[in-house]
Each structure stands twice: as C-alpha cells, then as structure tokens.
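The values are calculated or read from the model by the stated rules, or taken from the named source; none is laboratory data. What you see is a predicted model; the values in this text were computed from it and never measured. Glycine gets a Cβ as well: all are built from the backbone with ideal geometry, and neighbour counts include every protein chain shown. Ligands, DNA and RNA are excluded from the accessible area calculation, which covers all protein heavy atoms including side chains. Shrake-Rupley method; radii C 1.70, N 1.55, O 1.52, S 1.80 Å.
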Amino acid sequence: MTQCRICNAPIKAFMTFGRMPIANGFLTPDQFAQEHFFELAPAFCPECGMLQIVEQPAPEMMFHENYAFFSGTSRYMQLHFQRMAEQVMATILAGRSDPFVVELGSNDGIMLRNFAAKGIRHLGCEPSENVAAAARAQGVNTLCAFFGRDTALKIRAEHGPADVIQAANVMCHIPDLHGVAKGVEALLKPDGVLIFEDPYLGDVIEKTSYDQIYDEHVFVFSAISVKNAFARHGLDLVNVEPQVTHGGSMRYTLAPVGSRPVAPAVEALLAKEAAQGLDKAATYERFRANCETSKRELVALLTRLKDEGKRVVGYGATSKSTTVLNYTGIGPDLIEFISDTTPIKQGKLTPGMHIPVKPYGDFTARYPDYALLFAWNHKAEILEKEDAFKAAGGQWIVYVPSVGVVA
C-alpha cells in the first residue's frame, strides 16, 4: 500500500520488521516449502493519524478452519469479557424490549456466552470455522462469515436491527474498515452503539511493545484515528475506556451522530495523545530506534545465557512471538522449545524460525533455567500460577517495556 486505507493520503513505511510469516501459521516440516512470507512494515498516516502495515496477507491465509487461537483458554480473558458483557447489559440494554446483540469476530463465544446465558438474542459473526464450531458447541449462535454490508443486511433481514454491535481484538484485523463501518450503518439501530476494543497505540509507543504489530493487526488504533475513520460513516466517538488487556488496550464506544453525548474522557484522551505526539512522524522514528535497541539487547541476553550453558524455554506460542522471533532472528539455537497449552499448536514448529512447540507438561517435567515470557500481556496471571518454577530457581526473561530478567 502506498496510500492510507482510511483517507487515501500517501503513506510510507517508517521501518521494517523484515521478512515475516503468518503469525499463527504453526506448521510441520513437510509444510516448510509452502510457508508464506511477506514484509512486515508499519506506516503512519499524517492526515488521519492511522498506524497501519503497508502489506497484509489475504484474509483466508490468516483466518480459516484451522485457526490456532482460542480466546477461552485464558481465565483472565473469560472474566474480562464477562465483565464487559455485564456492563453492556446493565447500561445499553437496560430497559430495552427483546434486545439483539451482534459480535464481530466472536471466536469461541467467550463473550456471547454471557448473553446466551441470560436468554438475550445474539449472533456471533466469526470467519474461522473451527472456532465458530466451538462457539456453537457452547450454545452460542454463530454465523461463519466475514462482516461487511452484505452480511449485515442478511443478518438484519433474519434477526432485525442490532441494539449493540461489539468486537474485541478484531477491528484492528480488518483492512476494509470502511466496509465494516458500512455494515454497522446497515445493521445498527438509530439509538444503538458500536463498542470495540483493541491494542492501544499509546501503550505500544510508550512500552515499545512492537510485537503488537503482526499480520493480523493491519491497524493499531488511537482515539485520533478511530474518531477520524468512523466520522466518515456518521458515527461519533462518544466514550473511551482504557483496559489492561493485551498489555494495554482501549475500548471505544461509537454511536450515530447526535444520538448520545460525548463523554469528557474522549477530549481528555485526544489531548493526551497530542501531548504524547501520536500525531507526529518524529514519534515513530523514536519508536523505530527503541525497537532496534530492544532487538539488540534481547539477542545479547540470550546469547550470553547460551554461552553460560543455561537452558532457555519460551512460554506461550503467541501470535506476538512470531514478530519477535523473526525480527530478532532468534531460533532453536537460543530457545530449546516453546511451551503452550493450545493443542492445535503442540507438536508443530513456530512460523519462520521453526522452534518446536511442546505441551505445558514438557515445561513442568524439567524446568529450564530461564523462561522467555512471550505471553507478557498475561504476566500477572502466569507468575501467580508458576510458583513452582520460581521455587525451582527459574527466572523469567521479559522484553516489554524493556529487556531484562525477573525472578
């Protein structure tokens, strides 16, 4: 892309993470020859403020019947989405007669199961068949489809207009954001709301959490860019709520223009973003330099530990780890294997760098000296769970917000 996906202004990558595979493309040796690579390079649009990657693989390469991410595997995320659903029920849906809730990218139904349990009409729109099937098995009504205006019109014809359209860690995956917005326009009631949350650009810049940038994350949003993008479709940004999930996310609430007052939090966040420089190209040049420093320090640390004869194992074969491993060139010579609890990833190799992914039992059977925490956004939950690793003398390696070792 040489033009912004939102406003068509000319854009140019301010850095490159290099040759990158599909983030969730865990594979076996016989698939190496067919492994897909692209250049992962982010660009900042000076006109509308949108951060985006200039090249993204085709959607069907990332979201398919063997998609390797299930939201419900995290206890913390289950509680997070339960609270989010309860908040919607207590505020937006309170007093409404026979409300209808739609979720985009509903995954295994982790959010919508809370509405289903209350007998609230709902529908998940999920493009990956395997996780859609998992949702249906939980009693969550799920349509396997990509969301856009045509899908929205089909949903409206069958179920009626939506009181709430929700999405979590999904909107940033969709390159045709205008298509989604047109679908929202077609499906949403005049007094309805669109609520979505995604990793927040302000946190990515502040923490140098560059691993939030990978193939699925075509956008990294700020309040500035969200406001500009959806204003083109008659939707006001009426509220913002910071979240701790995924290492720093933002929940955005949008509504048809004039239908709801704009909360003071919106203007406060816009002012904060201007002070942080999220609207200035120089900020992204500093980010590039910080990424390069993080890369050098992580490789140096792992190389030193190898020279000292220490065993290092990765913890969490996350999508984010694909960016880290391929950007830094860290492979099985520095990391023995990566422990993960997701069955579909176990027994396979990581995208690009081909580090073995092994079951969690392999981690506990013989603790390593060090564990590189790729699932750093779940750090509190993981450290609480891994007392035995610490008691055995194990130490954690982290790289966000800086590279280091924590006991």
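Do any of K12/K182; K306/K345; K272/K310; K306/K379; K280/K385; K358/K390 go past 32 Å between their Cα atoms, and which?
Cα-Cα > 32 Å for K272/K310; K280/K385; rest within.
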Listed residue (V170, A157, L188) projecting farthest to the positive dipole end of segment 151-204, Cβ model: A157
Within the chain, helix-based [θ] at 222 nm, where runs of 4 or more DSSP H residues each add -39,500 (n - 2.57), nearest 500: -10000 deg cm²/dmol
Amide hydrogen neighbours beyond the local backbone of A23, cut-off 5 Å, H modeled: D215, E216
Where labels lie 7 Å past Cα in the beta-carbon direction, separation of A9 and T28 in nm: 4.9
Computed accessible area, R366, all protein chains, 1.4 angstrom probe, square angstrom: 140
Stokes-Einstein diffusion coefficient of the chain, Kirkwood radius over Cα pairs, 20 °C, 1.002 mPa s, in µm²/s: 98
Within segment 190-204, backbone nitrogen closer than 15 Å to the virtual label 7 Å beyond the Cα of K379 toward Cβ: 203-204
Between segment 176-224 and segment 255-305, the alpha-carbon center distance in angstrom: 14
Radius 13 Å from Cβ of F221, net charge of other residues (Lys, Arg +1; Asp, Glu -1): -1
Under Karplus coefficients 6.51, -1.76 and 1.60, residue-wise ³J(HN,Hα) of segment 160-171 in Hz, glycine/proline x: x, x, 9, 6, 9, 10, 10, 7, 9, 6, 10, 4
Protein accessible area in the chain, 1.4 Å probe - carbon and sulfur %: 52
Accessible area expressed per residue, the chain, with surrounding protein chains retained (probe 1.4 Å, Å²): 40
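In debye, nearest 20, what is the charge dipole magnitude of the chain about its Cα centre with +1 on Lys and Arg Cβ and -1 on Asp and Glu Cβ, if you could check?
360
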